[in-house]
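The values are calculated or read from the model by the stated rules, or taken from the named source; none is laboratory data. Quantities reported herein were computed from a predicted structural model and do not represent experimental measurements. As a convention, Cβ positions derive from the backbone with ideal geometry for all residues, glycine included, and neighbour counts pool all protein chains shown. Side chains included, ligands, DNA and RNA excluded: accessible areas come from the protein's heavy atoms. Shrake-Rupley method; radii C 1.70, N 1.55, O 1.52, S 1.80 Å.
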Amino acid sequence: MMQGNMHANPLPPPLSDSNRRITEDPNVPSLRVYQVWKGNNRFCLGGRLIFGPDVRSIFLTLFLIVTPVIMFCAFVSRSLINEFQHPFGNLIVIICAFFTVYVITLLFLTSGGEPGIIPRNPHPPDPEDEDNGSGISADGRESSAPSLPPTKDVMVNDKVVVKVKYCQTCMLYRPPRCSHCSICNNCVERFDHHCPWVGQCIGKRNYRFFFMFVSSTTTLCLYVFAFCWVNLGKIMDACHCNLWRAFLKSPVSGILILYTFIVVWFVGGLTAFHAYLIFTNQTTYENFRYRYDGKKNPYNRGCSGNILEIFFSKIPSSNINFRAKVKGDSSTSVITSMPLGHAMSPEMPKRSFDIKTGKRQTVAAEDFEEIQSQIESVGGLERCGTQPRYANWDDRASW
């Protein structure tokens with residue numbers, strides 16, 4: 001009786017409505033883009049803030065900024081208020097506090113903003129017609145199947161041709177000046193570098209805030225450095241002592257002078273270097289990798305034009321709405337929730353994408369028929385309750 005049922009119904013039944021409800025059931029909870037994002041980013045406030053995977057370093061940066069300011073306001077400014085009388089002395093503290101809040105604001109704008117991430121493609125693009133149906137496979141051998149060229153020529157400013165590379169991870173041709181950050185695992189537009197001090201990539205949408213943060217930090221260091229020397233000078237005049245005794249009377253001033261002197265070399269040098277990059281319209285990545293000294297920079301618009309582009313142009317809107325609602329990975333849900341005998345149907349296309357190599361692969365007709373026969377037999381065993389725990393498919397039937 002059991003065998004007769006198997007011969008009477010050799011093919012698996014069509015998908016029922018219960019199997020389709022995975023993608024159609026409104027009760028299935030919908031996720032947001034940031035919840036299914038494949039990069040290494042960290043999100044806060046429901047996807048409104050996006051950080052890099054090393055976001056913890058921002059707390060060290062905050063500590064290095066806030067701690068000397070608190071020491072300055074608590075110890076050094078007290079004697080300055082007494083020396084300069086209350087109006088001017090209080091103004092010194094107010095300016096220092098304002099600079100600190102301004103620097104911290106720029107820090108969070110740089111670290112918590114979207115730097116210019118290029119959205120990933122769900123599948124590789126189709127090979128171009130000029131490939132003539134031949135290409136190089138992932139292992140370096142020639143293949144008759146069409147493949148994607150590793151580079152493509154793009155015209156920049158209607159005068160210079162540059163090569164753009166294909167990103168195997170994001171499955172797209174990177175726009176000019178775009179690069180893939182290995183730390184965040186994203187392609188970032190006008191990629192400059194990944195800054196560990198802010199825990200974020202520096203790209204097209206946050207480079208302006210990054211430069212303002214670095215330059216403002218330099219100004220804050222010079223401010224504290226200068227008024228600590230003023231405080232020591234006032235102590236020397238009031239007590240008629242030398243510099244060493246003034247250090248002993250105000251050790252915090254000496255500590256802050258030493259600290260700001262060291263830090264200003266770092267942030268000041270960084271400010272000068274990025275000012276040079278802005279004047280010549282380069283990125284850190286381009287400066288270290290391509291070196292435009294011996295050849296023409298296709299992005300250079302002149303000193304004034306480069307400054308206008310960085311500081312006075314409108315910041316482009318983000319390419320990704322991380323708070324947009326998306327359905328879960330329906331393809332994965334369907335495959336894992338359906339029985340093995342229903343995993344394929346005769347209408348399933350025989351061509352599939354090889355995501356790793358970025359090209360299409362074709363299953364031979366005879367192999368496909370053998371795969372289908374294996375599925376039918378497994379489906380019949382499943383309905384009979386005699387399905388083995390593991391199905392042994394030969395090598396040709398393995399995809």
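Which of the residues that make up the stretch 173-197 are in a strand (DSSP E or B), open to solvent by 10 Å² or more (accessible area, probe 1.4 Å) and touching a Lys or Arg at 6+ places or on another chain (Cβ under 8 Å)? Residues satisfying the conditions are TYR173, HIS180.
Of all the residues in the stretch 61-101, those that are free of Cβ contacts under 8 Å to residues at least 40 places away in the same chain and open to solvent by 50 Å² or more (accessible area, probe 1.4 Å) number 14. Within the stretch 96-115, the set of residues being of a type in the set (Gly, Ala, Ser), within 16 Å of the chain's Cα centre (by Cα) and assigned to a helix (DSSP H, G or I) comprises SER111, GLY112.
Checked against (1) part of a helix (DSSP H, G or I); (2) surrounded by 13 or more Cβ atoms within 10 Å (Cβ to Cβ); (3) not aromatic (Phe, Trp, Tyr), SER304 meets all criteria but (2). Number of residues in the stretch 216-263 that are open to solvent by 30 Å² or more (accessible area, probe 1.4 Å) and in a helix (DSSP H, G or I): the value is 26.
Regarding SER318, is this residue open to solvent by 40 Å² or more (accessible area, probe 1.4 Å), among the hydroxyl-bearing types (Ser, Thr, Tyr) and over 26 Å from ASP153 (Cα atoms)?
On the way: open to solvent by 40 Å² or more (accessible area, probe 1.4 Å): yes; among the hydroxyl-bearing types (Ser, Thr, Tyr): yes; over 26 Å from ASP153 (Cα atoms): no.
Against the criterion (open to solvent by 40 Å² or more (accessible area, probe 1.4 Å), among the hydroxyl-bearing types (Ser, Thr, Tyr) and over 26 Å from ASP153 (Cα atoms)), SER318 does not qualify.
Of the residues examined, LYS204 is one that is basic (Lys, Arg), closer than 28 Å to ILE307 by Cβ and open to solvent by 10 Å² or more (accessible area, probe 1.4 Å).
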